[in-house]
1. If we count every other residue with Cβ under 12 angstrom of GLN56's Cβ, Lys/Arg +1 and Asp/Glu -1, where does the sum land?
2. What number comes out for the charge environment of PHE32, summing +1 per Lys or Arg and -1 per Asp or Glu over other residues with Cβ under 10 Å away?
3. Just round it to a whole percent: the fraction of Cα-Cα distances in the stretch 121-163 exceeding 13 Å.
4. May I ask you to list the residues of the stretch 113-135 whose amide nitrogen lies under 18 Å from a point 7 Å from Cα along the Cα→beta-carbon direction of LYS172?
5. What is the local net charge at ILE43, summed over the other residues whose Cβ is closer than 13 Å to its Cβ (Lys, Arg +1; Asp, Glu -1)?
6. If one computes the Cα centroid of the stretch 48-79 and of the stretch 94-122, what distance in Å separates the two points?
7. Compute the semi-axes of the equivalent ellipsoid of the stretch 60-186, taking the square root of 5 times each eigenvalue of the Cα gyration tensor, and list them largest first in whole Å.
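Here, each number is a calculation from the coordinates, and none is a lab measurement. If you're wondering where the values come from, they're calculated on a predicted model, not measured in any experiment. Note that we place each Cβ from the backbone using ideal geometry, even for glycine, and neighbour counts take in every protein chain shown.
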Amino acid sequence: MQSTLRASLLISALAFCSAPILAADNSEPTNFRVGTGLFQADIGNAPSYLPNGEQQGFSLFAEFPQSNHAASRFILYRLNGEDDIQLQGGETQLMWGWGLAEPGLRIYTGPAWHYEKMLVQRTAGDHYRVFNGWGWQFGVGAQFDAIILDLAATLRDPKDYNSENLQASASKGDVWTHNLLLSYRF
C-alpha cells in the first residue's frame, strides 16, 4: 500500500516538475501523458467481501505513445469500498490502435498484466491476498489539444479470482475492470 502510494506520488511529482521546463520550450509538446481516473473492478459471482462493480476507486497513470498506432500505459489503482472491500494494485497495458499520438478520436486494444492485493475474509481472520495475471484491454477516447479523455475496460484471466470464489462457496465468473481516465499531455 505504501509502495503504491509512493510510486503514485513519484510519478505525479516528476510530471508536475517537468511541466515548467516543457512549457518554457516553444517546441511541440511530447506525447508523455499523466492523469487520474475513476476505477471499478467487477468480479463475477464474487463473495460479499470482493468488488462487484458497485464500488468506485481512483487511479493514477502514465502513458507514452510510441507512434499513432502503438502506446504503453501503467495504471496504479486503489479501491476502499463499503463493507471493508479493499483493493490496491497496478496494471501495465500495451495499446495498439488508431489516434494514440494525435488530436482526435482514439481507439485501441491490447494485452494487459496486473498485480494487486485484496482483503479477503477467513475464519482465522482477514488478510491480504495477491491476485495477478493477464488480461485483454479495450479503450476509446478523444484528445483535445493536450487533454485526453478515455473510457477503458480490461477482461482479466479469472483463475485467481475463481479460486477465491470457490473457497467462499461461490461460483466462477468473469472479471472486468473499468477506467474513466483524464490525462494531460506534456
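1. Details: positive: ARG78; negative: ASP42, GLU54, GLU82.
Once positives and negatives cancel, what remains is -2.
2. Values: positive: ARG33, ARG185; negative: GLU63.
Net charge in that neighbourhood comes out at +1.
3. On the way: 641 of 903 pairs.
Tail fraction, whole percent: 71.
4. 132-135
5. Values: positive: ARG129, ARG156, LYS159, LYS172; negative: ASP42, GLU54, GLU116, ASP157, ASP160, GLU164, ASP174.
Around ILE43, the charge tally is -3.
6. For the stretch 48-79 versus the stretch 94-122, the Cα centre distance is 6 Å.
7. Working: eigenvalues 208, 43, 24 Å².
Equivalent ellipsoid of the stretch 60-186: 32, 15, 11 Å, largest first.
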